[in-house]
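First comes the structure, then the notes that go with it.
None of the figures in this text is laboratory data; all of them are computed from the coordinates on show. Bear in mind the structure is a predicted one, so any value in this text is a computation, not a measurement. Here the Cβ positions follow ideal geometry from the backbone for every residue, glycine too, while neighbour counts run over all protein chains shown.
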Amino acid sequence: MRQRQSVAVSSSAETDRTQNPIPSKSDPQQKKVQSFDFLGSSKKVFALCFAFRIANALLVQTYFNPDEHWQALEVAHRITFGYGHLTWEWEKGIRSYLHPLLFALLYKLLAVLGLDTPWFMVRAPRLFQSFFSAFGDLYLYKLSVILFGHCVAKWALFSQLTNWFMFYCLTRTLSNSLETVLTLVSLYYWPCMRPSSSKLPLESRKWGLIIAALACAIRPTSAIIWLYVGLLELFVTRDKLRFIFLEVAPMGLLVLGITFLLDRLMYGSWVLVPLNFLKFNFLSAGGDYYGTHKWHWYFTQGFTVMIFSFLPFSVAGIMQSKHWKLSGLIVWVLGLYSVLGHKEFRFVLPVLPIALIFSGHSLAALRSTISANGRGKESSNIHRTCPAKMQVAIFFLLATNIPMALYMSLVHQRGTEDVTYYLSKEVLDGKVTNILFLMPCHATPYYATVHHNLPMRFLDCSPREEKGIPDESDHFMIDPVGFASEFAKNWSLPSHIVLFDSEEKLLKDFLISHSFKEIKRFFHAHFKVDRDLQASVVVYGFTGD
């Protein structure tokens, strides 16, 4: 995927040194500057980012979104080991097997090497994702170099690595995380996103198309991004017919065809996932079943929380750089996602790094002379002094983002991860034979973490055909005691019951009357999210008395 770049020749050598985003090997002045730059090569940038993301993956020990486990790892575990739960999305054919297959290969490798132990089953997937995440960081840096030069690129990378939400989310095994990486890589190869002085061979755009198509295959909603970029490219390209019929159509059909055949193999029948996804999420608003927000939520809460204290720097960078094509992409994505009723933070994750590039621009401006097109030179004493305003900005960003990243990654909502890991170890010792999760559906990891084919049961929350009818999970939350009493009449007696302390208080008499006693308690959260406070997760075991 390495691609040579051609830059328009300036009328003077000095202008060329200032505007060329890729330093020339024959330029002694550029070599002198590079000798002070520890990020002087792509290999060094990737090594730094990979090491950082490995540490990042090991520090992420909390539960964020059910899809991380239930739409990726659980499916991959079923592919590899023959058991694992498939949610209703797989019955309706609105998910592609392309993303889970990546982790199925990882699980197969662990099994062959005999490393499918509790620790590796929990840590290996996020460590694997850290490899992809590092590529995302690298291409954010490379894209920033092309757009604004090395000075801005370093601070864009700083923004990417220190933003709390990127730390919290990018190494998780969500399809949105891989979509974000593919978006950054693909944007790097699109000519329309580069300065007008930059020229690229046609092969570069083809790489951009292939990677964009992969992003859409993994998450069909990624088409929102590529519709904007594709129309922009169509507007600026000279040979429009060639672009449509000799590039977009063949590349799109190639990737679609491969994923279509892959899904045919895995589903056992012909399933057109993008069409089913479109019908459910856009035409029937099926996602609204899981909650809706006001139209302005991404602008007033969602995206502002994600970008956090980098927001004023990103806004300043947009105004300084005047790169309206790239900043327009952010507005376009936030605007279209705002039309949908069901909203989540992770849906707009792919444009967060783009906003952080603009943050890097404004940070670089604090210690450099930035020209109108965004490129600039650092002052001659840049390695000896750091302006006071720069020190304040760095301290402010680190002081606000690092505590947030560590708290959300190590503390908030970790109980459901800890309890499943604990049960996986107890299973190996033969102490667990049947588990019942009496809690809101998909609140914990499942077979992919327990990694043992024993009977387990959770409360179903599949969308109902008739609107307004509570599902099994809703019934339990409305009346825990009544639901549990009725459920116990026909249950297969579990050896262990897992529940939140908020429901435990109501079910204590029920549990004691059925010969269960508390075995283990795990801290979960200090404050409530979308329900009553779930401070801890409790494990009850059957005593047999």
Review point. Say each of residue 434 and residue 292 gets a label point 7 Å from the Cα, pointing the same way as Cα to Cβ; how far apart are those two points in nm?
Key: 4.2
Review point. Within straight cross-link reach of residue 528, meaning Cα distance under 28 Å, which lysines are found once same-chain residues fewer than 8 apart are removed?
Key: 294, 343, 467, 505, 508, 517, 520
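The stretch 247-320: which trypsin sites (Lys or Arg not before Pro) are DSSP loop and have at most 16 other beta-carbon atoms within 10 angstrom?
For trypsin sites (Lys or Arg not before Pro) across the stretch 247-320 that sit outside H, G, I, E and B with at most 16 neighbouring Cβ atoms in 10 Å, the list reads 294.
Net charge around residue 243, counting only other residues with Cβ within less than 11 Å of its Cβ (Lys, Arg = +1; Asp, Glu = -1)? Numbers along the way, then the final one.
Details: positive: 205, 206, 238, 240, 242; negative: 233, 239, 247.
For residues surrounding residue 243, the net value is +2.
So what is the relative contact order of the chain, in percent, for Cα pairs below 8 Å that sit 6 or more residues apart?
On the way: 812 pairs, mean separation 92.7, N = 545.
Relative contact order for the chain comes out at 17 percent.
Taking every DSSP beta bridge with both residues inside the chain, roughly what % is antiparallel (nearest 5)? The partial results should precede the final answer.
Details: 17 of 23 bridges.
Around 75 percent antiparallel, to the nearest 5.
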Check your understanding: When the Cα centres of the stretch 138-216 and the stretch 102-116 are compared, how far apart do they sit, in Å?
Key -> 29
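Would you please name the chymotrypsin sites (Phe, Trp or Tyr not before Pro) within the stretch 447-545 that are DSSP coil residues with at most 15 other C-beta atoms within 10 Å of their C-beta? Mind showing how you got there, number by number?
Working: sites: 447, 458, 476, 483, 487, 491, 500, 510, 516, 522, 523, 527, 540, 542; in loops: 491, 527.
For chymotrypsin sites (Phe, Trp or Tyr not before Pro) across the stretch 447-545 that sit outside H, G, I, E and B with at most 15 neighbouring Cβ atoms in 10 Å, the list reads 491, 527.
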Revision key, fill the gap. Excluding residues fewer than 8 positions from residue 142 in its own chain, the aspartates and glutamates with Cα under 13 Å of it are none
Review point. Which of the aspartates and glutamates could a cross-linker span from residue 489 if the Cα-Cα distance has to be under 13 Å and same-chain partners fewer than 8 positions apart are dropped?
Key: none
Point to revise | Cα-only Debye scattering, the stretch 395-458: base-10 log of I(q)/I(0) at q = 0.12, 0.27 Å⁻¹ | key: -0.42, -1.15
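As an exercise, identify the trypsin sites (Lys or Arg not before Pro) in the stretch 184-225 lying in DSSP coil whose Cβ has no more than 16 other Cβ atoms within 10 Å. The partial results should precede the final answer.
Details: sites: 199, 205, 206; in loops: none.
Passing sites in the stretch 184-225 do not exist.
Taking GluC sites (Glu not before Pro) as exposed when DSSP calls them loop (any state but H, G, I, E, B) and at most 10 other Cβ atoms lie within 10 Å, what is the longest stretch of the chain free of them, the sites themselves excluded?
Details: sites that count: 465, 466.
The longest uninterrupted stretch comes out as 1-464.
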Exercise for review: Could you check what % of the DSSP bridge pairs in the stretch 414-542 are antiparallel, to the nearest 5?
Suggested key: 65
**Study point:** Relative contact order [Cα under 8 Å, 6+ residues apart], the stretch 414-542, whole percent
**Key:** 27
Practice item. Please state the charge dipole magnitude for the chain, taken about the Cα centre, from unit charges on C-beta atoms (+1 on K and R, -1 on D and E), reported in debye and rounded to the nearest 20. Key: 2600
Study note, to complete from the structure: Labelled set (1) 161; (2) 132; (3) 206; volume of the Cα convex hull per residue in Å³ computed from this model equals the value at (1)
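Determine, from the Cβ-Cβ distance of residue 241 and residue 474 and an R0 of 56 Å, the FRET efficiency 1/(1 + (r/R0)^6), rounded to the nearest 0.05.
In this case the efficiency is close to 0.55.
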Check your understanding: Which helices of the chain meet both criteria: a Cα extent of 27 Å or more along the helical axis and a mean Kyte-Doolittle score no lower than 0.5, with helices taken as whole DSSP H segments?
Key -> 118-148, 388-410
Practice item. Project the alpha carbons of the stretch 377-510 onto their principal axes and report the range along each, largest first, in whole Å. Key: 78, 43, 31
